[in-house]
Amino acid sequence: NEHPELGYETVGFVDDDIAKHGTYILGCRVIAGCAELPVIVEELEVDEVLLAIPSAGGDTVRSVVEVCEAADVKAKIVPSLIELMNGNVEWRHIRDVRVEDLLRREPVTVNLEEIAAYLRDKRVMVTGGGGSIGSELSRQVASWGPASLVVLDIDETAVFTIDATLREEHPDLNLTPVIADVRDEDSMRRHLDMHRPEIVFHAAAYKHVPLMESHPEEAIRTNVIGTRILARIARESCVERFILISTDKAVNPTSVMGATKRVAEMVLQVESARHQRDNGAAEPTKFMAVRFGNVLASRGSVLPVFQRQIAQGGPVTVTHPDMKRYFMTIPEAVQLVIQAGALGKGGEVFVLDMGEPVRILDLAKDLIRLSGYEPERDISIAFTGLRPGEKLFEELLTPEERLSLSRHERIFVCPFLNGDENLGADPLLDSDNGRCGSVELLLDQLEAAILTHSTNPEKCIADLEQLVPPYKAARQSSPVCSSDASSISPSPSHSGTEMLHAPTT
């Protein structure tokens, strides 16, 4: 009421705390609880209901939205606590309810001192810095006051966009945008020599499962060889911490993309062991990977596809009625990635707590309703079947991996290659005359074949199966044809690993 420019007139409050009923706040009465909304809406001729609880969880938001739907009144919401904490919006930026609001969890708490200790006044590089994950990593790292920040990506438009954003939000930041390919060893060596990063967040990757099924060489070239090149140079340059963005699709992979990301994890485990062995008293690079799942609203993810299909009048395409995925907002995922970077001692695979799994069919129905339609009555839903490499359910760990708690309640750890304990679930990672089993030899052979173009898709898949025994690849004799081609990027880029899929405990 004190801000008429917002176009709202407050007629009252509802609150489930009975002790507040009948009291007044700034001249407006607390009328009743949320269950009475339908009656209140009709009696007071309410146009909109505003959910003004930034910390409200997804269940609370959903219950209010359902009551508003029953009362035939529109629900709006103030920004979430994480949006307010990141400084992207102000509390008065009232907006429509989004699907991500229905999936809210308790806000992430991070150890500010731990993060500041390894990021503040440090030289930081983010690869894939123009992608959904990479750009958010860049934004959050910038807020910690690094000595310098290098944002590296092969996508010039993405780099231009994040560069402009960061310069506007952090005018004093020592920022360097770099257009480069992580697969180019000479280029990577030149940029690491020039900028001397102390912390590297490696988010550059090919990510789209169906596309990578028909382009296994490119998936290996970027996700495996690119990671190996960068990790090798980082080790030689004594980078302090190297954090790989991974995916739960690396667990018992059924896709080329998942298998290459598992091999990327193995690359870091090998480099971690090699550094500890070769550098002696020198401070080793702490290599670690962070696995997590779907991030909402990223490029190529399911939400933009559903939104486009709804805008066109449907149908909304869902692969299978029972398919489930774990979801997390991009800012929440990145907060936990940065926190995990402070926890690593070297060789770990961190796993983020993704909350409860969400049925994709339910997500589609939620989005249809939030768009003002009724599923099946106004917008139909069509089932298209699983695409090559896809799973109905994602897994957190292989049966052999040992999950333990970290110092953070939402970050779990699979310890590999630490101390004298067993070197992990993969038999290829067992010690063998100072080498990490035969995995280094296999990686050497794979890298040589890829770089000399002396391989083919079938041989690439066979090599992945040898490196990752659980991998059962579906051989494709022709390019993947998807009935939902809109979910596949028309031109694959290295801009982050935005479309990931991962579960939790």
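So, in the range 2-23, of the ones that are loosely packed, with under 11 Cβ neighbours inside 10 Å and either of a type in the set (S, T, N, Q) or modelled with pLDDT of 85 or more (or both), which residue ends up farthest from Val61 (Cα to Cα)?
The selected residue is Gly22.
Test Ser132 against the criterion of being at pLDDT below 95, buried (at least 24 other Cβ atoms within 10 Å of the Cβ), of a type in the set (Ser, Thr, Tyr) and within 21 Å of the chain's Cα centre (by Cα), and give yes or no.
yes
What number of residues within the range 10-49 satisfy the criterion of being hydroxyl-bearing (Ser, Thr, Tyr) and under 24 Å from Glu69 (Cβ atoms)?
Of the residues in that region, 1 qualify.
Being within 16 Å of the chain's Cα centre (by Cα) and either under 13 Å from Leu367 (Cα atoms) or not assigned by TED's automatic domain parsing to the domain that holds Leu352 (or both) is the filter here; which residues of the range 302-328 pass it?
Val302, Leu303, Pro304
Out of the residues in the range 438-460 that are surrounded by fewer than 19 Cβ atoms within 10 Å (Cβ to Cβ) and not in a helix (DSSP H, G or I), which is modelled with the lowest pLDDT?
Ser438
Would you tally the residues in the range 193-230 being within 18 Å of Arg123 (Cα to Cα) and without any contact (Cβ under 8 Å) to a residue 60 or more places away in the chain?
Qualifying residue count, the range 193-230: 2.
Looking at the range 155-178, is at least one residue in contact with a Phe, Trp or Tyr (Cβ under 9 Å, 6 or more places away or on another chain), surrounded by fewer than 23 Cβ atoms within 10 Å (Cβ to Cβ) and not basic (Lys, Arg)?
Among the residues of the range 155-178, at least one is in contact with a Phe, Trp or Tyr (Cβ under 9 Å, 6 or more places away or on another chain), surrounded by fewer than 23 Cβ atoms within 10 Å (Cβ to Cβ) and not basic (Lys, Arg), which makes the answer yes.
Return yes or no: is Val89 modelled with pLDDT under 95, surrounded by fewer than 16 Cβ atoms within 10 Å (Cβ to Cβ), β-branched (Val, Ile, Thr) and not assigned by TED's automatic domain parsing to the domain that holds Ala205?
Yes; evaluated as a whole, the condition is true for this residue.
Which condition does Phe287 not pass, out of (1) in a strand (DSSP E or B); (2) modelled with pLDDT under 90, if it passes all the others?
Failing condition for Phe287: (2).
Conditions (1) closer than 29 Å to Ile381 by Cα; (2) part of a helix (DSSP H, G or I); (3) modelled with pLDDT under 90, marked per residue:
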{"residue": "Thr317", "(1), (2), (3)": "yes, no, no"}
{"residue": "Pro321", "(1), (2), (3)": "yes, no, no"}
{"residue": "Pro331", "(1), (2), (3)": "no, yes, yes"}
{"residue": "Val334", "(1), (2), (3)": "no, yes, no"}
{"residue": "Val337", "(1), (2), (3)": "no, yes, no"}
{"residue": "Ala340", "(1), (2), (3)": "no, yes, no"}
{"residue": "Met354", "(1), (2), (3)": "yes, no, yes"}
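Yes or no: the range 336-347 includes at least one residue that is surrounded by fewer than 20 Cβ atoms within 10 Å (Cβ to Cβ), touching a residue at least 24 places away in the same chain (Cβ under 8 Å) and more than 28 Å from Val251 (Cβ to Cβ).
No - not one qualifying residue is present in the range 336-347.
Of Arg167, Arg190, Arg183, which residue is within 27 Å of Leu451 (Cα to Cα), assigned by TED's automatic domain parsing to the domain that holds Leu137 and free of Cβ contacts under 8 Å to residues at least 12 places away in the same chain?
Exactly one residue qualifies, and that residue is Arg190.
Could you say whether any residue in the range 261-268 is assigned by TED's automatic domain parsing to the domain that holds Tyr471, under 23 Å from Ala142 (Cα atoms) and within 24 Å of the chain's Cα centre (by Cα)?
So far as the range 261-268 goes, no, none of its residues is assigned by TED's automatic domain parsing to the domain that holds Tyr471, under 23 Å from Ala142 (Cα atoms) and within 24 Å of the chain's Cα centre (by Cα).
Kindly indicate whether any position in the range 130-145 is among the polar types (S, T, N, Q), in contact with a Lys or Arg (Cβ under 6 Å, 6 or more places away or on another chain) and closer than 23 Å to Ala259 by Cα.
yes
Working only within the range 356-394, note down all residues that are touching a His at 6+ places or on another chain (Cβ under 8 Å) and part of a strand (DSSP E or B).
Selection gives Phe383 alone.
Being of a type outside the set (Val, Ile, Thr) and under 21 Å from Leu336 (Cβ atoms), is that true of even one residue in the range 205-213?
Checked the range 205-213: at least one residue is of a type outside the set (Val, Ile, Thr) and under 21 Å from Leu336 (Cβ atoms).
Right, Gly385: in contact (Cβ under 8 Å) with a residue 24 or more places away in the chain and closer than 30 Å to Glu198 by Cα or not?
no
The values are calculated or read from the model by the stated rules, or taken from the named source; none is laboratory data. The model shown is predicted, which means the values in this text are computed figures rather than measured ones. Every residue, glycine among them, receives a Cβ derived from its backbone with ideal geometry; neighbour counts consider all protein chains shown.
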